[in-house]
Amino acid sequence: MADQIAVVGGVDTHTDFHQAAVIDSIGRHLATQAFPTTPDGYRRLLNWLRSHGEVIAVGVEGTGAYGSQLTRVLRTDQVTVVEVDRPDRRARRANGKSDPVDAYAAATAVLSGRASGTPKTRDGIVEAIRALRVVRRSAVKARTQTLNQIRTLIVTAPGPVRERLRNLHTAELIRHLARSRPGADPSDPACAVRTALRRLARRYQHLSEEIAEADAELEPLVAQAAPTLVALPGVGTETAAQLLITAGDNPDRLKSEASFAHLCAAAPVPASSGRTHRHRLNRGGDRRANHALHMIALVVLITSVVDTRVLIKGEDLRCG
């Protein structure tokens, strides 16, 4: 009977449909089928898996992207979800590439134990922080691009325009350009440049307001989610937010400090050969989390150097 068989599912996720596959406890392929990425499609996918037997676990590719909602649905129904990475290029060359092949590969990875990661729950305050921070990061990037465009236009502007603006600091430059009156003749190159600069300056101001609003929303959320983390030396709202996003709403999925270090690309891995015994840092992991750790280390280092110089200067004054 089907209800007496233990099965493992695998899902290759896409934008409009998910390809599902099911295998038994010894790895035999049982069936594969595609389902739409709709509430009804998710329900049909789960019922289809259960129609083949007792579902031990389901391996899902892209639990943080196309498979995020499917992961939520499966977890709500008390189904064990395992995060599956896509096969490497060697495996793809050996086994071919198609949606059913990838779905079967996801199920096999779970059964063999090659895939064992617990996906992020994405249902708490950290998910809210992640969403708000996406907007902030894009606004910061756009503001930097806007400032670069302003500087480039000033470099290539006609002489009278360039000479008036080239020595202004950023804040003063933005205020001056936003209040300027470029003129009414767009066919004149100087007038056109002044018009473009005013529009860019106002865009810069708008993006700055957007970033300030995001900061006002993020700061209390991060402080609420990790007050002890924010209280540490060198840890600000931005770096704390990134580390929270990397860990997720369920940081218990990380079994130890070493696993978190490995996730942040800050863990040593063996790189020995013959009589040479050495280690190197992991080059994988979350690069943004690695950057956050790097910034924390820099701030702590600079702060300690400044404190040391102040202490030495104080000793010298007392000696004098």
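The values are calculated or read from the model by the stated rules, or taken from the named source; none is laboratory data. Source: prediction; values computed, not measured. Methodologically, a virtual Cβ is constructed for each residue, glycine included, from the backbone with ideal geometry; neighbour enumeration extends over all protein chains shown. Please note that ligands, DNA and RNA were not included when accessible areas were found on the heavy atoms of the full protein model with its side chains. Shrake-Rupley method; radii C 1.70, N 1.55, O 1.52, S 1.80 Å.
Do you know the relative contact order of the range 161-220, to the nearest whole percent, from alpha carbon pairs under 8 angstrom that are 6+ apart?
29 percent
Based on the Cα atoms of the chain, what semi-axes does the equivalent ellipsoid have, where each is the square root of 5 times one gyration tensor eigenvalue, given in whole Å with the largest first?
So the equivalent ellipsoid measures 49, 31, 20 Å along its semi-axes.
Hey, can you find the accessible area per residue of the chain for me, probe 1.4 Å, expressed in square angstrom?
On the way: 19150 Å² over 320 residues.
It amounts to 60 Å² per residue over the chain.
Would you mind telling me the antiparallel percentage of the DSSP bridges in the chain, rounded to 5?
On the way: 19 of 29 bridges.
Within the chain, antiparallel bridges account for around 65 percent of the total.
Given points 7 Å out from each Cα along the Cα-Cβ axis, report the GLN33 to THR308 separation in nanometres with one decimal.
6.7 nm
Write down Rg/Rh for the range 152-201, rounded to two decimals, with Rg from the C-alpha atoms and Rh from the Kirkwood relation over Cα pairs. Write down the numbers at each step before the final one.
Details: Rg = 10.0 Å, Rh = 10.8 Å.
Result: Rg/Rh = 0.93.
Using a 1.4 angstrom probe on heavy atoms only, work out the carbon and sulfur share of the accessible area of the range 241-283 in %.
54 percent
Starting from the Cα gyration tensor of the range 22-145, multiply each eigenvalue by 5, take the square root, and state the resulting semi-axes largest first in whole Å.
Computed over the range 22-145, the values are 30, 19, 13 Å.
Tell me, what % of the accessible area of the range 22-175 is carbon and sulfur with a 1.4 angstrom probe?
50 percent
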